Amino acid sequence: MALIVQKFGGTSVADVDRIRNVAARVKVSHDAGNQVVVVVSARSGVTNELVGRAKALNPKPDEREMDMLLSVGEQETIALTAMALHALGVPAVSRTGREAGILTDPVHTRARITRISGGDIREQLESGKVVILAGFQGHSPDGQITTLGRGGSDLSAIAIAAALQADLCQICTDVDGVYTADPRIVPTARKLDEIAYEEMLELASSGSKVMQNRAVEFARKFNVVFEVRSSFNNNPGTIVKEEVASMEDVVVSGVALDKNQARIVVSELPDQPGTAARLFQSIANAGVSVDMIVQNIGRDGKANMTFTVPRDDVSRAQEGIASAFAASDGVLFESSDIAKVSVVGVGMRSHSGVAATLFDALAAAKVNIQLVSTSEIKISVGINPEDAEEATRIVHSAFQLDTASESS
Ligand code: ADP
Ligand code: ASP
Ligand code: MG
């Protein structure tokens, strides 16, 4: 007998037929004698719909009320999933994040998990019941509902698997596993049998929404090996785990595209020590993370700074900057949409020439590169959003990741 955590995402529970399908799959695991914890998301589209309603009523909704609202989506699906299991004769009980003792910090809409007691989950499993846990939600020390950031049901699943020391953690979704690129954008993308935490983390942080980046970070920290697989078939998925030596043989494992970035140019900054610190401190204080940064060489005592932020954070960043410089400083601010294409691979540590191949491929396709950033295992370029999908396909081919090139 094993303890299995199975997470089903929004499209997997999108309507009653799909919920029935999830129940049937869970029944198979339960009938085989396993203890099963099921983590579910809100039905696909529900969380976005709730965000839309909140913003229609108030462009800057209170974050505590936002969590009260958004946690509703998952509460609908846990109850429906329990009912679907009952209809199949499987004993099952639903639990909210609070009932499962998922304690977080009090930072609404992006809370971090601090401790998991599990509530009565173990007892329920011992008594033969399937436990259905609401993803994406927890509670703060003073009992308020918190949510774990968009895509946070992945984190709920990994965290409960770690807390219960589950034997198996499966992230069941609408693709067969982790591919070398988003298969919706790159039809020739290949499914990976396995991927290292670090690579999965870089892909997730660079726009591959197949896994929430914080969930991967948590899995790496607590060494939770997990599998990303389909909710709709039994094909083997992708195992995400600690790096093994042979993974370095592959230079680039995947390509990610993030279409939701913005480029900010701050000009007429005083060209003197401390300006960059003041600028980026003001943005950090506004709770915005900055990614690629380019500083132009100063001229006539003035300098420009160009960087990227998530598109939804542009106005917060602008407010932060405005608070750090007096109007008399004459600092100018402009922003435009940008897309980020990233190539990721642990093999980059031991192979050279990745940047050259990437830039060559983009040059041949006449794609202009606006910004570049690198890490030990990743190179990202900021480009015009209109070029982004085509550029992703070109880069994917340039690193011989296409299905057709597998045998060559
Ligand atoms: P869920 O609702 O199950 O959490 P998501 O929509 O959050 O599912 O994530 C699955 C989607 O991630 C896929 O439908 C796919 O379009 C996208 N995706 C992006 N990058 C990748 C990748 N490298 N491999 C697989 N899927 C990817
Ligand atoms: N329902 C939440 C979201 O849409 C959490 C999740 O689906 O993982 O972000
Ligand atoms: Mg998701």
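The values are calculated or read from the model by the stated rules, or taken from the named source; none is laboratory data. Because the structure is predicted, anything quoted here is derived from the model rather than measured. Because the Cβ atoms are built from the backbone with ideal geometry, glycine has one as well, and the counts that use them run over all protein chains shown.
In this entry, ILE121 is excluded by the filter for residues that are farther than 21 Å from ALA32 by Cα and crowded, with 17+ Cβ neighbours inside 10 Å. For the stretch 290-310, state whether one or more residues are within 19 Å of the chain's Cα centre (by Cα), free of Cβ contacts under 8 Å to residues at least 40 places away in the same chain and either surrounded by fewer than 18 Cβ atoms within 10 Å (Cβ to Cβ) or within 30 Å of GLN6 (Cα to Cα) (or both). Within the stretch 290-310, one or more residues are within 19 Å of the chain's Cα centre (by Cα), free of Cβ contacts under 8 Å to residues at least 40 places away in the same chain and either surrounded by fewer than 18 Cβ atoms within 10 Å (Cβ to Cβ) or within 30 Å of GLN6 (Cα to Cα) (or both). Considering only residues that are more than 16 Å from ligand 2 (Cβ to nearest atom), more than 19 Å from SER342 (Cβ to Cβ) and not acidic (Asp, Glu), which ones fall in the stretch 230-263? Selection gives SER230, PHE232, ASN233, ASN234, ASN235, PRO236, GLY237, ILE239, LYS241, VAL244, ALA245, SER246. Suppose the filter is modelled with pLDDT of 95 or more, more than 22 Å from SER71 (Cβ to Cβ) and within 16 Å of ligand 1 (Cβ to nearest atom); does ASP176 pass it? Judged against the criteria, ASP176 is a match. Restrict the check to the stretch 75-86 and report whether at least one residue is surrounded by fewer than 19 Cβ atoms within 10 Å (Cβ to Cβ), without any contact (Cβ under 8 Å) to a residue 12 or more places away in the chain and acidic (Asp, Glu). No, there is no match, as no residue in the stretch 75-86 is surrounded by fewer than 19 Cβ atoms within 10 Å (Cβ to Cβ), without any contact (Cβ under 8 Å) to a residue 12 or more places away in the chain and acidic (Asp, Glu).
Tell me, please, whether a residue that is in contact with a helix residue (DSSP H, G or I) (Cβ under 8 Å, 6 or more places away or on another chain), away from ligand 3 (no atom under 16 Å from the Cβ) and outside any strand (DSSP E or B) can be found in the stretch 201-219. The answer is no; no qualifying residue exists.
Identify all residues within the stretch 352-378 that are crowded, with 16+ Cβ neighbours inside 10 Å, closer than 23 Å to ALA262 by Cα and either basic (Lys, Arg) or out of contact with any strand residue (DSSP E or B) (no Cβ under 9 Å at 6 or more places or on another chain) (or both); write none if there are none. LYS378, the sole residue that qualifies. Filtering the stretch 136-153 to residues that are within 12 Å of MET66 (Cβ to Cβ), more than 16 Å from ligand 1 (Cβ to nearest atom) and among the hydroxyl-bearing types (Ser, Thr, Tyr) leaves only THR146.
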